[in-house]
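For reference, the structure is listed below as structure tokens.
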Amino acid sequence: MSRIVLDTNVYVSAYGFGGKPARVLAAVISGEHALVTSPALLAEVADKLYAVLGFDDEHVSEVIRQVARIAEVVRPAVSIDLVADEPDNRVLECAVEGGADVIISGDHHLLDLVSYQGIRIVRVAEFLEAGSAD
């Protein structure tokens, strides 16, 4: 079972449009993978659900509660300042603290790294095509 961290863009795509990002969440719900997140990532997801998808308070709260229920919520003890886009550093912090195997993202700042401290960084399609295996 892979331990995965989803970047905010994956949540937005899953909850707004379905498709492959929703398949990744379904695999977590079915127990194929363990999802790891953090309070900082949950806050960013909430912000993006409002700003990008126009969700109302009730819908945002419902999504955040669902993610918090299906994920292990970690509180990173170490700050990382590697990527120019600050929120991407929070993704790295969460992955390191949570012992993740994979970060799934559509963000070039993270994807350009390819990996960080042994944690692979891949697109949704790549994760699914690989059979989600390590």
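The values are calculated or read from the model by the stated rules, or taken from the named source; none is laboratory data. Note that the structure is predicted; figures quoted are calculated from it, not measured. FYI the Cβ positions are ideal-geometry reconstructions off the backbone, even for glycines, and counts take in every protein chain you see. Protein only, heavy atoms only, side chains kept; ligands, DNA and RNA dropped before computing areas. Shrake-Rupley method; radii C 1.70, N 1.55, O 1.52, S 1.80 Å.
General observations
- Computed over the alpha carbons of the range 82-134, Rg followed by Dmax gives 10.5, 31 Å.
- The modelled label-to-label distance for the pair LEU111/ARG69, using points 7 Å beyond Cα in the direction of Cβ, is 3.2 nm.
- Rolling a 1.4 Å probe over the heavy atoms of the protein chains gives the chain an accessible area of 49 Å² per residue.
- For the chain, share of DSSP beta bridges that run antiparallel, in % to the nearest 5: 15 percent
- Considering only alpha-carbon pairs that sit under 8 angstrom and 6 or more positions apart, the relative contact order computed for the range 24-83 is 46 percent.
- Rg of the Cα atoms in the range 16-79, relative to 2.2 N^0.38 Å, amounts to 1.16.
- Highest mean packing first, where packing is the average number of other Cβ atoms within 10 Å per residue, the peptides 7-15, 45-53 line up as 7-15, 45-53.
- Binning the alpha carbon pair distances of the chain at 5 angstrom intervals from zero yields the distribution 2, 11, 22, 26, 22, 13, 4, 0, expressed in whole percent.
- Database remark: amide H of LEU35 closer than 5 angstrom to the amide H of ILE4, GLU72 (H placed geometrically; neighbours at sequence offset of 5 or more, or on other chains; Pro and chain starts carry no H).
- Taking every C-alpha pair closer than 8 Å and separated by at least 6 residues, the mean separation divided by the residue count of the chain gives a relative contact order of 31 percent.
- Computed over protein heavy atoms with a 1.4 Å probe, the carbon and sulfur contribution to the accessible area of the chain reaches 51%.
- Relative contact order %, the range 79-134, counting alpha carbon pairs below 8 Å whose residues are six or more apart: 28 percent
- Dipole magnitude for the chain: about 380 debye, using +1 per Lys or Arg Cβ and -1 per Asp or Glu Cβ, origin at the Cα centre.
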